[in-house]
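Novice: One structure is given below, represented as structure tokens, and several questions about it will come after.
Quick note: the coordinates plus some simple rules give every number you see, no bench work behind them. Just so we're clear, the structure is a prediction, and the values are computed from it rather than from any experiment. In this analysis, Cβ positions are derived from the backbone assuming ideal geometry, glycine residues included, and neighbour counts consider all displayed protein chains.
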Amino acid sequence: MSSIAKKKGFGATIWDYLTTVDHKKIAVMYLAAGGLFFVIGGIEAMLIRIQLAQPDNDFVSAGLFNEIITMHGTTMIFLAAMPILFGFMNAVMPLQIGARDVAFPFLNALGFWLFLFGGIFLNLSWFMGGAPDAGWTSYASLSLASPGHGIDFYALGLQIAGAGTYIGGINFLVTIINMRAPGMTYMRMPLFTWTTFVASALILFAFPPLTIGLFFLILDRMFGGNFFDHTMGGNTIIWEHLFWIFGHPEVYILILPAFGIFSEIFALFSRKRLFGYSSMVFATVLIGFLGFMVWAHHMFTVGLGPTANAIFAVATMAIAVPTGMKIFNWLLTIWGGSIKVTTPMLYALGFIPSFVAGGVTGIMQAAAPLDYQLHDSYFIVAHFHYVIVGGVVLAILAAVHLYWPLMFNQMLSEKLGKWTFWFFFIGFHLTFFIQHFLGLMGMPRRVFTFGANQGWDLFNLISSIGAAFMAVGVIILVVNIIITVVKNVPAGNDPWEDGRTLEWAIPQPVPFYNFKQTPLVRGLDTFWIEKQEGNKVGMTYAEPLSDIHMPNNSFIPFVMTLGLFIAAFGALYHGEKDWAIPVLVLGIAITVGSMAVRSIKDDHGFHIHKEDLMNDKGGK
Amino acid sequence: MSHDAQVYVRSQTEFEYIKQKRRKDMRNQITTFGIMIFLTLISFTAVAADFSVYLIVPVILLLAAIQVVLQLYYFMHMSEKNHQVVAFFLYSAVMLAFTFILTFLTIIWWG
Ligand code: HEM
Ligand SMILES: [Cu+2]
């Protein structure tokens, strides 16, 4: 018996998390770290809205304002939304497909630590001479000219965090391809697993262009390269292409898992099979492909020429077709269902009109001639917040309520949950709806202030009030979480009573090996089928009880990442401080050394024995 | 080790079958290897013989593409069963890379 559950001390618990390779604990860490960055990004958003609440404001200076908007966007996309979604993927996907863990538990831990250290590195810029200030898109013509080290923090931090995301994506792909339980065919996978799969494939193909772009930027800024410098034969437009080849798929990496979460919610709380399952799968895959063919719609005004603009405009509009299919399928899932309006369902219902509004403005922007008017105005800001907040963030908040009992065996308060929803939802529309009109009235995005005579005062004030509403909603959520954790009332399994998929069939708290016996999946919504047939344990088993092979914990992922973190400081201060090169070498040596240890030292894991599984403690 | 580990003994026929199959695989690999060396020789000769660049470049690219395919199918086992997912991802990547390169050529460098 290698893992005996004792009452652990605080230090032991910390050590457990630092070394864990269990997908469920890694999920908790993703959620915690992502949640923290979400709060930081949210505070930055509040500062932006305070500054813009009235004309000619000098709450923050122009330079600081640029740093705040850059860090807000970068944090929210790379350090909040994506990691939180990764948290849910880690927590839920292996359980949905009947796996005992992801395919590469060690890499799973490595991916998490890379994300966290990358995020910390990026945010250290605030205390080390100033944050990046060229926007989250960091266009080279601007970022190469930015003084100080802000952009260097951006490039190096994202490189580290991006490596983590990439590793995570590959891990999910391999897990879904190879680790499905017997009977879990591709066309029986729950939609959240499907969207995790396609989003991971997008990560696989979209992150390499970003990595290349960032390397070019690092070389240009820190090591005398000239990739983007036209005076030296480079070309600044190349950055824009590389960034958006990554950037547009990135928005689908965010929204597809959100679609998956809502698909689960609609079926669960309409107590009905998801309408048009196979067309949902088809639409997901199609969106994945089309997502790669449209990046230049972010560059209509660059001067690509009418042919290129026309091609990319048409391709962009085509995405509306599979997206529309999804919307109709959701509506038809609700139609005739026996609906229970729980907090997650409330979010799902709020999501449909909000996301449709964002999609419609997207189509407007896809019309290249019109985009000449809309580009770089507040209309764009309204569009992407409608899809990202109205889609991704609503999905994240819904999933927090939906999966909290699965992850922590506690129910969040439904009453407070609904309060959160209403504050957030009303605040969201108040903030962003009016920004469409600010855009049409000519207010450019990324300006630090505006004049009293421009007629934008009232709308900006309304927008800022809306932001305050959203903040109240999030604060209520935090309070809700604290109360729930302190009360600690066990929720038991199938807490929503209508669970359809495998994750709800598992006894609570989920054992660290997930499934005592690998389940046999007998159809779409397999738990539902078992329940209909009166099966008390909720699962049919595919194998007799036997020993379970589990991986050992490891501290190596942490050390490996620490090496890169140290090396990044060396690269950053290269050519400026004497210690830079030694630090760079030291960091890389730590990383390479720990890789060597990992390769040379065999680690075969351990077995939980059948006899221990059979006693009532279930191997713990 | 698991307590329930089972030892599986192959029957004579199974054994014969596997042996035959391995022999065939081996023959295929060696033939492919021969072809690949031959293709490489052609490329080198083309350069050594000082043909026009407009001939050499397309010929080498074509031969390279053939080599990649041979490599994938005969050495990286894509010709075997259960490799559809790998093939799917590979061809998707090829298709995307092609799109990116085409746009870069047409709207950045030639345009
Ligand atoms: C029907 C689907 C969609 C269409 C047709 C569409 C179209 C567009 C277009 C044409 C632009 C560029 C506008 C400009 O800068 O002039 C744009 C910007 C943007 N879109 Fe969408 N979009 C769609 C869905 C989404 C989704 C689902 C997300 C995210 C989850 C998203 C996130 C963004 C972001 C972040 C930007 C602004 C990027 C920046 O300049 O900082 N869009 N969209
Ligand atoms: Cu886009």
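Novice: How much mean residue ellipticity at 222 nm does chain A get from its helices, if each DSSP H run of length 4 or more adds -39500 (n - 2.57) and you divide by all residues, to the nearest 500 deg cm²/dmol?
Specialist: Using -39500 (n - 2.57) per qualifying helix, the result is -21500 deg cm²/dmol.
Novice: Please report A:Arg100, A:Arg273 as a ranked list, fewest other C-beta atoms within 10 angstrom at the top and most at the bottom.
Specialist: A:Arg273, A:Arg100
Novice: What's the exposure ranking of A:Val392, A:Val478, going from fewest to most Cβ atoms within 10 Å?
Specialist: In order of increasing Cβ crowding within 10 Å: A:Val478, A:Val392.
Novice: For chain A, what's the relative contact order in percent, using C-alpha pairs closer than 8 Å and at least 6 residues apart?
Specialist: 17
Novice: A further question follows. Using the charge dipole of the protein assembly as shown (Lys, Arg: +1 at Cβ; Asp, Glu: -1 at Cβ; taken about the Cα centre), state which of A:Phe223, A:Ile590, A:Leu274 has its Cα farthest towards the positive end.
Specialist: Sorting the options by dipole projection puts first A:Leu274.
Novice: Which one of B:Tyr73, B:Val47, B:Ile18 is farthest out on the positive end of the charge dipole of the stretch B:1-79, using unit charges on Cβ (Lys, Arg +1; Asp, Glu -1) and the Cα centre as origin?
Specialist: B:Ile18
Novice: Over 24 Å apart: what share of the alpha carbon pairs of chain B falls there, rounded to a whole percent?
Specialist: When every Cα pair of chain B is considered, 56 percent fall beyond 24 Å.
Novice: Under a crude label model (7 Å from the Cα following the beta-carbon direction), how far is A:Ala452 from A:Met595 in nanometres?
Specialist: With each label point 7 Å from Cα toward Cβ, the separation is 6.1 nm.
Novice: Please say if the stretch A:82-124 is rounded, prolate or oblate, where rounded means a/c under 1.5 for a ≥ b ≥ c the square roots of the C-alpha gyration tensor eigenvalues, and otherwise the choice is prolate for a/b larger than b/c and oblate otherwise?
Specialist: Oblate is the answer for the stretch A:82-124, as a/c is 1.5 or above yet b/c matches or exceeds a/b.
Novice: If r is the Cβ-Cβ distance from A:Ser279 to B:Leu41 and R0 is 41 Å, what FRET efficiency results, to the nearest 0.05?
Specialist: Efficiency for this residue pair is about 0.20.
Novice: What fraction, in whole percent, of alpha-carbon pairs in the stretch A:477-585 exceed 16 Å separation?
Specialist: Distances greater than 16 Å cover 74 percent of the Cα pairs.
Novice: 7 Å from Cα along Cα→Cβ at both B:Gln67 and B:Phe51: what's the point-to-point distance in nm?
Specialist: So the two model labels end up 1.5 nm from each other.
Novice: Something else about it: Classify the stretch A:407-521 as rounded, prolate or oblate from the Cα gyration tensor: take a ≥ b ≥ c as the square roots of its eigenvalues, call it rounded if a/c is under 1.5, otherwise prolate when a/b beats b/c and oblate if not.
Specialist: It comes out prolate by the Cα gyration axes.
Novice: Another one. Just how many % of Cα pairs in the protein assembly as shown lie over 53 Å apart, if you round to the nearest whole percent?
Specialist: 13
Novice: Oh, and also: For the pair A:Asp603 and A:Leu64, what calculated FRET efficiency results from E = 1/(1 + (r/R0)^6), where r is the Cβ-Cβ distance and R0 = 35 Å, to the nearest 0.05?
Specialist: The formula returns an efficiency of 0.10 here.
Novice: Distance between the C-alpha centers of the stretch A:292-326 and the stretch A:59-119? Whole Å please.
Specialist: 28
Novice: Something else about it: Rounded to the nearest 20 Debye, what is the dipole magnitude of chain A about its Cα centre when Lys and Arg each give +1 and Asp and Glu each give -1 at the C-beta?
Specialist: Roughly 1560 debye for chain A.
Novice: Counting other beta carbons within 10 Å of each Cβ, put A:Tyr573, A:Tyr186, A:Tyr378, A:Tyr252 in order, fewest first.
Specialist: In order of increasing Cβ crowding within 10 Å: A:Tyr186, A:Tyr573, A:Tyr252, A:Tyr378.
Novice: Still on this model: Quick one: which residues, 5 or more positions from A:Thr540 or on another chain, have an amide H under 5 Å from its amide H? H modelled 1.01 Å from N in the peptide plane, none for Pro or chain starts.
Specialist: Amide H neighbours of A:Thr540, under 5 Å, 5+ apart: A:Leu520.
Novice: What whole-number distance in Å separates the alpha-carbon centres of the stretch A:504-537 and the stretch B:4-52?
Specialist: If you average the Cα positions of each part, the centres end up 45 Å apart.
Novice: Using only Cα atoms, find the angle between the long axis of helix A:556-572 and the longest principal axis of chain A, and express it within 0 to 90 degrees, rounded to the nearest 10.
Specialist: It is inclined by approximately 10 degrees.
Novice: In percent, what relative contact order does the stretch A:39-162 have, based on Cα pairs under 8 Å that are 6 or more apart in sequence?
Specialist: 29
Novice: I've got another one for you. Determine ³J(HN,Hα), in whole Hz, for all residues of the stretch A:389-405 in sequence, where each value follows from phi through the Karplus function 6.51 cos²θ - 1.76 cosθ + 1.60 and θ = phi - 60°; x replaces Gly and Pro.
Specialist: Going residue by residue, I get 6, x, x, 5, 5, 4, 5, 5, 5, 4, 5, 4, 6, 5, 9, 3, x Hz, with x marking Gly and Pro.
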